[in-house]
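Read the structure below first, then the notes.
The values are calculated or read from the model by the stated rules, or taken from the named source; none is laboratory data. These numbers come from a predicted model, not from an experiment. When we count neighbours, we look across all protein chains shown, and the Cβ atoms used for this are built from the backbone with ideal geometry, even at glycine.
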There are 2 protein chains.
Amino acid sequence: MDSFGAFVRDRREALRQTDRRYSLRQVAERIGVEPSYLSKVERGEVAPPSEETIVRLARELDVLPDVLLALAGKVSSDLLDTIRKRPLLFGQLLRELRDLPDHAVLRLVREVRDGDW
Amino acid sequence: MDSFGAFVRDRREALRQTDRRYSLRQVAERIGVEPSYLSKVERGEVAPPSEETIVRLARELDVLPDVLLALAGKVSSDLLDTIRKRPLLFGQLLRELRDLPDHAVLRLVREVRDGDW
DNA sequence: TGTATTGTGTACTACATGATACACGCTCGT
DNA sequence: ACGAGCGTGTATCATGTAGTACACAATACA
């Protein structure tokens with residue numbers, strides 16, 4: 001269940017092939033955490049870090065923050081804010097969409113994006 | 001900013017008009033918290049309770065859990081689960097809908113509910 | 001009038017989260 | 001060969017969350 005740590009380690013080591021600045025220690029320093037902590041995170045010995053730390057890590061490893069947040073099982077705080085502003089409305093919507101297949105939801109996304117809403 | 005506590009107190013005292021079993025102490029006992037704690041919650045001296053306690057309180061006061069959860073500024077865990085299952089998809093959707101007016105989102109909800117999705 | 005019940009103040013607590021601090025032994029490059 | 005840099009183990013901590021425990025004064029009521 002620790003896809004997060006494994007993903008981070010893989011990605012970091014991939015970058016390291018061509019750039020020796022991607023050692024665990026140096027990455028830890030650049031994102032502002034202790035090396036021992038990042039070590040534990042990568043091995044899944046501890047839970048994924050906070051949202052802020054995950055975002056800094058994502059930037060450092062040049063991956064989409066959303067991807068890393070998803071692997072960590074976190075819902076990003078801007079989405080939470082979006083829901084909190086209109087909880088009943090978005091609650092209703094999400095429960096309606098919960099059981100629909102991806103393609104149906106995607107169709108909706110495109111419709112909204114392209115349409116004259 | 002404590003609409004939660006105020007709402008709970010108002011609702012409880014309304015029920016109490018016709019049923020003396022809605023004293024703070026008795027409600028506290030039925031939902032399984034200390035009276036002093038419920039007192040602090042109602043007066044906004046402390047933050048709203050956990051989701052579980054909020055739901056028990058909602059049942060006791062016969063209001064929709066979603067309403068109380070919304071007043072507490074909490075996003076209910078079943079919605080979080082829904083997003084967590086397909087984070088990129090729902091993330092994209094919510095960001096698309098974030099700035100649309102209520103009626104547009106509602107139209108979407110109805111379209112999905114009534115349509116042949 | 002007294003006792004049963006009520007709401008509240010003060011003090012404390014258990015547990016989770018998100019880390020830090022530092023020592024240790026290994027390994028890689030010069 | 002040896003020192004710089006590496007990853008990791010152990011111990012510890014600060015803050016937040018979600019409450020409990022209990023005494024107390026006011027009130028209601030029979």
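So which pairs qualify, if the first residue must be in the range B:94-113 and over 16 Å from residue A:80 (Cβ atoms) and within 7 Å of another protein chain (Cβ to nearest Cβ), the second must be charged (D, E, K, R) and surrounded by 13 or more Cβ atoms within 10 Å (Cβ to Cβ), the Cβ gap must be under 8 Å, and the two must be at least 6 apart or on different chains?
That search, which allows pairs on different chains as well, returns B:102/A:86; B:105/A:86; B:109/A:96; B:112/A:96; B:113/A:96.
Would you pick out the residues in the range A:77-93 that are among the polar types (S, T, N, Q) and closer than 12 Å to residue B:83 by Cβ? Walk me through how you get there before you give the answer.
At the first step, the residues of the range A:77-93 found to be among the polar types (S, T, N, Q) are A:77, A:82, A:92.
Answer for the range A:77-93, where residues must be among the polar types (S, T, N, Q) and closer than 12 Å to residue B:83 by Cβ: just A:82.
Tally time: how many residues in the range B:57-77 are more than 21 Å from residue A:65 (Cβ to Cβ) and facing chain A (nearest Cβ under 8 Å)? Talk me through it step by step, then tell me what you get.
Going residue by residue through the range B:57-77, those that are more than 21 Å from residue A:65 (Cβ to Cβ) are B:57-74, B:76-77.
Subset that is facing chain A (nearest Cβ under 8 Å): B:66-67, B:69-70, B:73, B:76.
Going through the range B:57-77 one residue at a time, the tally reaches 6.
Table: residues versus (1) farther than 13 Å from residue B:62 by Cα; (2) of a type in the set (Val, Ile, Thr); (3) more than 11 Å from DNA strand C (Cβ to nearest atom); (4) within 14 Å of chain A (Cβ to nearest Cβ).
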site	(1), (2), (3), (4)
B:2	yes, no, yes, no
B:6	yes, no, yes, no
B:12	no, no, no, no
B:20	yes, no, no, no
B:25	yes, no, no, no
B:28	yes, no, no, no
B:34	yes, no, no, no
B:40	yes, no, no, no
B:43	yes, no, no, no
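Output the residues belonging to the range B:89-105 that are surrounded by 13 or more Cβ atoms within 10 Å (Cβ to Cβ) and in contact with a helix residue (DSSP H, G or I) (Cβ under 7 Å, 6 or more places away or on another chain). Don't jump to the end; show me each part of the working.
Step one: list which residues in the range B:89-105 are surrounded by 13 or more Cβ atoms within 10 Å (Cβ to Cβ), which gives B:89-98, B:100, B:104-105.
The answer is B:89, B:90, B:91, B:92, B:93, B:94, B:96, B:97, B:98, B:105.
Give the range B:87-114 a look and list any residue that's outside any helix (DSSP H, G or I) and either assigned by TED's automatic domain parsing to the domain that holds residue B:49 or within 21 Å of the chain's Cα centre (by Cα) (or both), or say none.
Quick first cut of the range B:87-114, residues outside any helix (DSSP H, G or I) only: B:98-101.
Selection gives B:98 alone.
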